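Peer 1: Quick one: the structure is below, questions incoming.
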Amino acid sequence: MTKINHLFPAQGKEHVSTQPIPVPSEQSAQAQTPRHVAIIMDGNGRWATRRHLPRLAGHKAGVASLRRVVEWASDEQIEMLSVYAFSTENWGRPRIEVDGLMRLFWETIRSDLEKLHRDGVRLRHLGRLQDLSPDIQKAVGDSVELTRNNTRIGLNVCFNYGGRAELVDAVRQIIADGRSPDTITEELIASYLYTRDLPDPDIVIRTAGEMRVSNFLLWQTAYSEYYATPTLWPDFGREDLLAALDSYRQRQRRFGKVSVPSNQ
Ligand code: FPP
């Protein structure tokens with residue numbers, strides 16, 4: 001928890017609440033690099049269609065883009081990325097695409113794990129792992145275990161993830177644990193989410209020009225900054241990442257409060 005007067009040093013104390021408020025991460029109000037960047041990697045299908053390729057070719061190009069972004073983010077001292085790779089709603093896509101995405105996920109873990117580990121990437125999975133195939137469950141479990149002590153950058157792969165499903169899972173577990181109504185607080189709910197040990201995202205980047213949240217980290221992004229770019233995910237370049245970071249640094253984060261003008 002950070003206090004608001006730490007975030008926005010004020011001249012007039014009367015304007016400043018001393019109540020702790022939840023903040024996406026512990027950081028000051030000066031220009032800063034976001035600790036936690038969440039990305040909705042959209043536009044793979046359009047990228048492929050424009051090239052008269054099957055949609056899966058777009059997703060493969062999306063994986064290549066993700067590899068690059070992890071390296072650039074690491075160069076920029078970003079602590080953690082959360083990427084939306086397969087939503088609980090994506091099961092409704094044509095069978096061939098769903099199967100292709102499942103295979104691609106599994107193959108990518110198999111082919112990239114060693115390098116990610118060497119590069120100090122800590123992998124985590126966010127979502128309903130139990131509904132994925134045993135092969136994927138094992139590959140994910142092994143990769144999380146292998147990389148658990150890595151500290152260079154965290155990569156949280158949201159695969160079979162849905163923000164509403166996450167809240168349903170949390171509520172079920174809270175009830176199963178016999179929690180009484182008076183013990184239900186924001187902190188308690190947060191402690192039942194897949195992200196229980198993680199800071200909230202500071203910024204959500206969405207590619208391909210859409211302006212939707214799409215069930216992504218609904219609870220955790222309550223106060224995240226939002227950045228949308230028309231660039232399709234496979235075309236997302238270092239300059240796109242830097243533009244998002246620059247935009248973030250110009251934001252004034254108020255967390256529902258008001259910032260105090262310097263003449264008051
Ligand atoms: C959205 O583009 C993208 C997805 C639903 C999948 C994203 C997946 C990857 C980047 C690759 C898989 C990830 C890993 C970690 C192996 P879209 O298909 O909705 O594009 P469109 O809106 O242009 O059709």
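Only the coordinates and a few stated rules stand behind these numbers; no lab work does. The model shown is predicted, which means the values in this text are computed figures rather than measured ones. Backbone-built Cβ (ideal geometry, glycine too); neighbour counts: all protein chains shown.
Peer 1: Could you list, in sequence order, the residues of the range 178-208 that are free of Cβ contacts under 8 Å to residues at least 24 places away in the same chain and not acidic (D, E)?
Peer 2: Matches in the range 178-208: G178, R179, S180, P181, T183, I184, T185, L188, S191, Y192, R196.
Peer 1: Same structure again: Any idea which of Y248, Y194, Y223 is over 19 Å from A85 (Cβ atoms), within 17 Å of the chain's Cα centre (by Cα) and in a loop (DSSP other than H, G, I, E, B)? Let's see the steps before the verdict.
Peer 2: Values: Y248 fails: in a loop (DSSP other than H, G, I, E, B); Y194 fails: over 19 Å from A85 (Cβ atoms).
Residue meeting the stated conditions: Y223.
Peer 1: If you take the residues of the range 204-237 that are of a type in the set (D, E, K, R) and surrounded by fewer than 15 Cβ atoms within 10 Å (Cβ to Cβ), which of them is nearest to the ligand (Cβ to nearest atom)?
Peer 2: Kept after step one, since they are of a type in the set (D, E, K, R), are these residues of the range 204-237: 206, 210, 212, 225, 235.
Retained after the next criterion (residues that are surrounded by fewer than 15 Cβ atoms within 10 Å (Cβ to Cβ)): 210, 212.
Values: E210: 7, R212: 11 Å.
So, considering only residues that are of a type in the set (D, E, K, R) and surrounded by fewer than 15 Cβ atoms within 10 Å (Cβ to Cβ), the one nearest to the ligand (Cβ to nearest atom) is E210.
Peer 1: Same structure again: May I ask you to list the residues in the range 145-171 that are in a loop (DSSP other than H, G, I, E, B) and surrounded by 18 or more Cβ atoms within 10 Å (Cβ to Cβ)?
Peer 2: Within the range 145-171, the subset in a loop (DSSP other than H, G, I, E, B) is 147-152, 162.
Listed by number, the residues that qualify are T147, G162.
Peer 1: So, R103, is that one surrounded by fewer than 17 Cβ atoms within 10 Å (Cβ to Cβ) and within 21 Å of N150 (Cα to Cα) or not? Lay out the reasoning, then the answer.
Peer 2: Values: surrounded by fewer than 17 Cβ atoms within 10 Å (Cβ to Cβ): yes; within 21 Å of N150 (Cα to Cα): no.
Taking the combined requirement at face value, the residue does not satisfy it.
Peer 1: Just to be sure before I move on: is P201 within 20 Å of E79 (Cα to Cα), under 18 Å from the mean Cα position of the chain (by Cα) and buried (at least 20 other Cβ atoms within 10 Å of the Cβ) in the structure I sent?
Peer 2: Numbers: within 20 Å of E79 (Cα to Cα): yes; under 18 Å from the mean Cα position of the chain (by Cα): yes; buried (at least 20 other Cβ atoms within 10 Å of the Cβ): yes.
Yes.
Peer 1: Please work out which one of (1) crowded, with 21+ Cβ neighbours inside 10 Å; (2) of a type in the set (D, E); (3) more than 21 Å from A190 (Cα to Cα) is the condition D142 fails and give its number.
Peer 2: Checking D142 against (1) crowded, with 21+ Cβ neighbours inside 10 Å; (2) of a type in the set (D, E); (3) more than 21 Å from A190 (Cα to Cα), the one that fails is (1).
Peer 1: In addition: Are any residues in the range 65-79 out of contact with any strand residue (DSSP E or B) (no Cβ under 8 Å at 6 or more places or on another chain), more than 9 Å from the ligand (Cβ to nearest atom) and at negative phi, and if so, which ones?
Peer 2: Residues of the range 65-79 out of contact with any strand residue (DSSP E or B) (no Cβ under 8 Å at 6 or more places or on another chain): 65, 67-68, 71-72, 75-77.
Now narrow it down to the ones that are more than 9 Å from the ligand (Cβ to nearest atom): 67-68, 71-72, 75-77.
Matches in the range 65-79: R67, R68, E71, W72, D75, E76.
Peer 1: Also, I was wondering about something else. Mind checking which residues of the range 53-74 are in contact with a helix residue (DSSP H, G or I) (Cβ under 6 Å, 6 or more places away or on another chain) and within 17 Å of D112 (Cα to Cα)? First the steps, then the outcome.
Peer 2: First, the residues of the range 53-74 that are in contact with a helix residue (DSSP H, G or I) (Cβ under 6 Å, 6 or more places away or on another chain): 55-59, 61-63, 65, 72.
Answer for the range 53-74, where residues must be in contact with a helix residue (DSSP H, G or I) (Cβ under 6 Å, 6 or more places away or on another chain) and within 17 Å of D112 (Cα to Cα): H59, A61, G62, V63, S65, W72.
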